[in-house]
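Worksheet: the structure to be examined is printed underneath.
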Amino acid sequence: MFQSEKQSFIFDSVYLAPEEQIGLHQQSTWEVCHVIVGSGMRLIGDRTEPFQSGEVVMVPPNIPHCWYFNNHVTGSQGRIANTAVMFGTDFLNNCSLAFPELGECISQLKDKRDAVKFNREKSVAIASILEEMRDLSAAERVALMIRLLLLV
């Protein structure tokens, strides 16, 4: 989808009005998403549940998903905020080849078929990595991506 000779995964940080959030969609990549500001209802596959600021969720490939944000739970400028990283199975396979030490954790990740909502401790750790990625170049994010894989 997005892999090129310059990018093996995508980092995205958004700060927008609740109604501007992307609607129901699915992609062929994994997605790890951290809601920084906002709350509402999250739809993943056939499950709908409430969400709030601070939550981190991982969605495997090809599962329809969407976050419906409340208009009244926003930052001071009426906006929601979230960060996400998307990566494909090719990225995971390449990491396993380049770094055999990651083989077991990547194999466990690839076995996941349902979305994962991380507990508070893991959410804080993952959110910290995503926050750190925000101000880095694509090349500098690679090391943090390896750290992220070890957590998810």
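Among the protein heavy atoms of segment 1-94, carbon and sulfur supply 48% of the accessible surface, probe 1.4 Å, non-protein parts ignored.
A dipole drawn for the chain from +1 and -1 charges on Cβ atoms has a positive end, and of 48, 108, 65 the residue lying farthest that way is 48.
Place a label point 7 angstrom from the Cα of residue 116 along the Cα-to-Cβ direction, then list the residues of segment 45-59 whose backbone nitrogen is under 18 Å away. Taking a point 7 Å out along Cα→Cβ of residue 116, the residues of segment 45-59 whose backbone N falls under 18 Å are 45, 55-59.
Computed from phi, the 3J(HN,Hα) profile of segment 70-75 under the Karplus parametrisation 6.51, -1.76, 1.60 (θ = phi - 60°) reads 5, 6, 9, 10, 9, x Hz, with x in place of Gly and Pro. Assuming charge only on the beta carbon of Lys and Arg (+1) and of Asp and Glu (-1), the dipole of segment 36-144 about its Cα centre is about 340 debye to the nearest 20.
Using Cα springs under 10 Å in a Gaussian network model of the chain, which residue among 21, 77, 52 shows the largest mean-square fluctuation? With Cα springs under 10 Å in the chain, the top fluctuation among 21, 77, 52 is at 77. For segment 30-145, the Kirkwood radius over C-alpha pairs fed into Stokes-Einstein at 20 °C and 1.002 mPa s yields D = 139 µm² per second.
Per residue, segment 1-142 exposes 55 Å² of solvent-accessible protein surface, assessed with a 1.4 angstrom probe and all protein chains in place. From its DSSP helices (H runs of at least four residues, each -39,500 (n - 2.57)), the chain gives a residue-normalised ellipticity at 222 nm of -9500 deg cm²/dmol. For segment 95-104, 3J(HN,Hα) computed residue by residue from phi via the Karplus equation (6.51, -1.76, 1.60; θ = phi - 60°) reads 5, 4, 5, 6, 10, x, 4, 8, x, 5 Hz, glycine and proline entered as x. Comparing 98, 81, 125 in a Gaussian network model of the chain, where Cα atoms under 10 Å apart are tied by springs, the biggest mean-square fluctuation is seen for 98. Considering only 86, 58, 41, the mean-square fluctuation computed in a Gaussian network model of the chain, springs between alpha carbons under 10 angstrom, is largest for 41.
Spatial offset of segment 61-97 relative to segment 100-152 amounts to 13 Å, using the alpha carbon center of each.
The values are calculated or read from the model by the stated rules, or taken from the named source; none is laboratory data. Note that this is a predicted model, so its numbers are computed, not measured. Note that each Cβ is placed from the backbone with ideal geometry, even for glycine, and that neighbours are counted across all protein chains shown. Only protein heavy atoms, including side chains, enter the accessible area calculation; ligands, DNA and RNA are left aside. Shrake-Rupley method; radii C 1.70, N 1.55, O 1.52, S 1.80 Å.
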